[in-house]
Amino acid sequence: MTRSRWIIPLVLAVTVFVHYLDRNNLAIVLPQIAREFGWDDRQIGQHGNLLLGAFYLTFGIAQVILSPLAERWGVKRSLMASVAGFSVCTMLFYPLGGSLGALIALRLLLGAAESVHMPMNSALVGRWFAPHERGRANAIYVAGILVALAVAPLIVVPLAERFGWRATFLLLGAAGMAVSLPLVARYISDQPPGWQPSQASGMRLRVADALRAYGAHDPLAFWLYLVAGVCNAFCVFGILNWLPSYLNRTRGIPFGELSLPLFGVFIAGIAGVFFWAYWGDRTGRRISFASAGLLLAGLCVLLTAYVDANAGVIALLALGVFLQSSFNAQEFATLQGMLPAERVGAGTGLYNGTTVLLGGVGGSFIPGTLVALTGDFQAGILSVAVGAWLVSLILTVLSLRLRMHTSTTG
């Protein structure tokens, strides 16, 4: 393998940046949509959880179903089809996003279009990089997520303030496709020279293959890790979906001034991903780092209920995101180590689709329902702390399982 292969995760980072910009733009402009449609806080909770959860419903289901097929059809072709699909879906919000029903339908369509993107990224890293490099390779394109989250308010809020949120979606979709597709066409190849899949990879895929976690070395460990991933996804999407509204409605930060607070929170995640990826590759203690990180991240979220100053709350949330990124930095590298190389795409689709389906929908509906019942966004944010502690607990159990399995097989 040559050093030039490191351009692959850089290109993937661009596509992931566009992916997350198109996915999370609705959460950012939700306060503006609420004003346009005349929703109060309880209605934001009621309608917002439908809007935000709709995406994760189709994203998760389609990912589980389509990822094995996409891996067989071709990683590069599937990646390009996904980028084109979610860019077009984003542009369609401009002419069609005039009602709650239309917005929900478009979010469902967007989720299906984005579904195979991350599994194909994982498949590429699994094929092109050795195990001791995968943490950093994954971190490069995962950083595209966090860069998008950090700079999205700086892009979306001013555009929405000037042109309206519908025109903003049109611009984002068109610009993202114009940048991403040429890069994928030029720099991405399905596999390195001489790479050969095993004979099993050409076999017809069956439901039993998914139930056996696509040949995972320890299927029980895979399913435990998936449960941890569900809880982690709940934390991630709970913050992504509801943080802008929480800062606007509960903390009193005007919509036009949300850019810098959101940037400060998510820039901490970028630093965290690279920090934890480096130490995960160097020590191999991926699960231990993630377990400790989520335990402390939950504490940071809990403490926001006891701090009055907005600066203190933002600092706690930034520290919490930094600590939570200990899981995100190790997530795909851990998963790639559990699966045979020719099944990384299918296995990642099963994992990521399920975690996003359950965790993403939960991260939309549970905080939203709490807001709808109480009229208090603080209650919704505090539910994230419970999710973080569940991740830490499950990872502790998984660590014990892996030690027992190693000692038995060794």
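None of the figures in this text is laboratory data; all of them are computed from the coordinates on show. What you see is a predicted model, and the numbers here were worked out from it, not measured in a lab. All Cβ positions, even for glycine, are placed from backbone atoms using ideal geometry, and neighbour counts span all protein chains on display.
Given axes a ≥ b ≥ c from the Cα gyration tensor, I'd like to know whether the stretch 277-328 is rounded (a/c under 1.5), prolate (a/b larger than b/c) or oblate. Since a/c reaches 1.5 and a/b is larger than b/c, the shape of the stretch 277-328 is classed as prolate.
Taking a Cβ cut-off of under 11 Å around GLY345, the surrounding Lys, Arg, Asp and Glu residues balance to a net charge of 0, with basic ones at +1 and acidic ones at -1. Peptides 270-283, 103-116 ranked from most to least packed, by the mean per-residue count of other Cβ atoms within 10 Å: 103-116, 270-283. Calculated on the Cα set of the chain, radius of gyration then Dmax: 20.1, 63 Å. Ordering of 75-81, 291-297 by packing is 291-297, 75-81, highest average first (other Cβ atoms within 10 Å, averaged per residue). With Cα atoms defining each centre, the stretch 48-115 and the stretch 224-244 are spaced 19 Å apart in the structure. With the convex hull drawn over the C-alpha atoms of the stretch 1-152, the volume per residue is 117 Å³. Apply 1/(1 + (r/R0)^6) to the Cβ-Cβ distance of LEU69 and SER99, taking R0 = 30 Å, and write down the FRET efficiency to the nearest 0.05. So the FRET efficiency works out to roughly 0.35. Working from label points 7 Å from Cα in the Cα-to-Cβ sense, the LEU171 to THR374 distance is 3.7 nm.
The residues packed around VAL179, meaning those with a beta-carbon under 13 Å from its beta-carbon, carry a net charge of 0 if Lys and Arg are +1 and Asp and Glu are -1.
Using the Cβ-Cβ distance between ALA341 and ALA84 with R0 set to 22 Å, the FRET efficiency works out to roughly 0.20. Only helices enter this figure: runs of n ≥ 4 DSSP H residues, each worth -39500 (n - 2.57), summed and divided by the residues of the chain, yield -28000 deg cm²/dmol at 222 nm to the nearest 500. With neighbour counts taken as other beta-carbon atoms within 10 Å, the residues ARG403, ARG42, ARG127 rank, fewest first, as ARG403, ARG42, ARG127.
Exposure proxy shown here: for HIS217, HIS47, the number of other Cβ atoms within 10 Å sets the order, fewest to most, as HIS217, HIS47. Residue ranges 304-310, 261-267 sort as 261-267, 304-310 when ordered by packing (mean number of other C-beta atoms within 10 Å per residue, highest first). Note on GLN43 and HIS217: their simple-model spin labels are 5.5 nm apart, each label 7 Å out from Cα toward Cβ.
Net charge near TYR278, counting Lys/Arg +1 and Asp/Glu -1 over other residues with Cβ under 14 Å of its Cβ? With Lys, Arg at +1 and Asp, Glu at -1, the neighbours total +3. Test of understanding: extend the Cα→C-beta vector of PHE275 to 7 Å, then name every residue of the stretch 297-315 with backbone N under 17 Å from that spot. Answer for the stretch 297-315: 297-301, 314-315.
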